[in-house]
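Peer 1: Have a look at the structure that comes next, please.
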Amino acid sequence: MMTSPADLSHHDRITLTGLGAVGYHGVFEKERRTGQPFFVDLVMYTDLKAAGSSDELTATVHYGEVAELVREIVIGPRYQLIETLAERISTELLAKFSLIGALEVTVHKPKAPIEVTFSDVAVTIFRTRDTEG
């Protein structure tokens, strides 16, 4: 088990980048009605030594299952804030995957209704098993 967030730089990690799905999140009614693309990046901190030694899927975090759960959350209940969506993703992943000691979740909303030119808006949260719930 990780002792502190400062120790994380010395731990193994699994990264998933650009998990995409259409969701219905936003402050405005039109966003919640018509939907828009959301993308999620994950960095999951876990000890990969056993998986590397054994070549057994059960010794690691199954990133295919992680991707499916993230997709279900993005297309699921509607939230006003992407901060809430990121929090829900982190809570669900920590609850379902006991091998994840900590994770970083970034939610991108590239089509946010902003009246100026931009390429992306995103929030990033970091949670450890100790800060869950």
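Rundown of residues vs (1) modelled with pLDDT of 95 or more; (2) in contact with a helix residue (DSSP H, G or I) (Cβ under 8 Å, 6 or more places away or on another chain); (3) closer than 27 Å to ALA112 by Cβ; (4) loosely packed, with under 13 Cβ neighbours inside 10 Å, yes/no style:
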| site | (1), (2), (3), (4) |
| --- | --- |
| MET1 | no, yes, no, yes |
| GLU31 | no, no, yes, no |
| TYR45 | yes, yes, no, no |
| THR58 | no, no, no, yes |
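Peer 1: Quick check: is even one residue across segment 81-97 modelled with pLDDT under 95 and aliphatic (A, V, I, L, M)?
Peer 2: No, every residue in segment 81-97 fails to be modelled with pLDDT under 95 and aliphatic (A, V, I, L, M).
Condition check ((1) among the β-branched types (Val, Ile, Thr); (2) surrounded by 12 or more Cβ atoms within 10 Å (Cβ to Cβ); (3) within 15 Å of GLY18 (Cα to Cα); (4) within 13 Å of the chain's Cα centre (by Cα)) across all residues:
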| residue | (1), (2), (3), (4) |
| --- | --- |
| HIS62 | no, yes, no, no |
| SER90 | no, yes, no, yes |
| GLU104 | no, yes, yes, yes |
| PRO113 | no, no, no, no |
| VAL121 | yes, yes, yes, no |
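Peer 1: Starting from residues that are out of contact with any Leu (no Cβ under 9 Å at 6 or more places or on another chain) and at pLDDT 90 or above, keep the ones in segment 3-29 and report whichever is farthest from PRO113 (Cα to Cα).
Peer 2: In this case the residue turns out to be GLY18.
Peer 1: Let me ask something else about it. Being of a type outside the set (A, V, I, L, M) and either in contact (Cβ under 8 Å) with a residue 60 or more places away in the chain or exposed (fewer than 12 other Cβ atoms within 10 Å of the Cβ) (or both) is the filter here; which residues of segment 6-29 pass it?
Peer 2: Across segment 6-29, the qualifying residues are SER9, HIS10, HIS11, THR15, THR17, GLY18, GLY23, HIS25, GLY26, PHE28, GLU29.
Peer 1: Which condition from (1) loosely packed, with under 12 Cβ neighbours inside 10 Å; (2) in contact (Cβ under 8 Å) with a residue 60 or more places away in the chain; (3) of a type in the set (Gly, Ala, Ser) is the one that SER98 breaks?
Peer 2: The one condition SER98 does not meet is (2).
The values are calculated or read from the model by the stated rules, or taken from the named source; none is laboratory data. It should be emphasised that the depicted structure is a prediction, and the values quoted were computed from it without experimental measurement. Note that each Cβ is placed from the backbone with ideal geometry, even for glycine, and that neighbours are counted across all protein chains shown.
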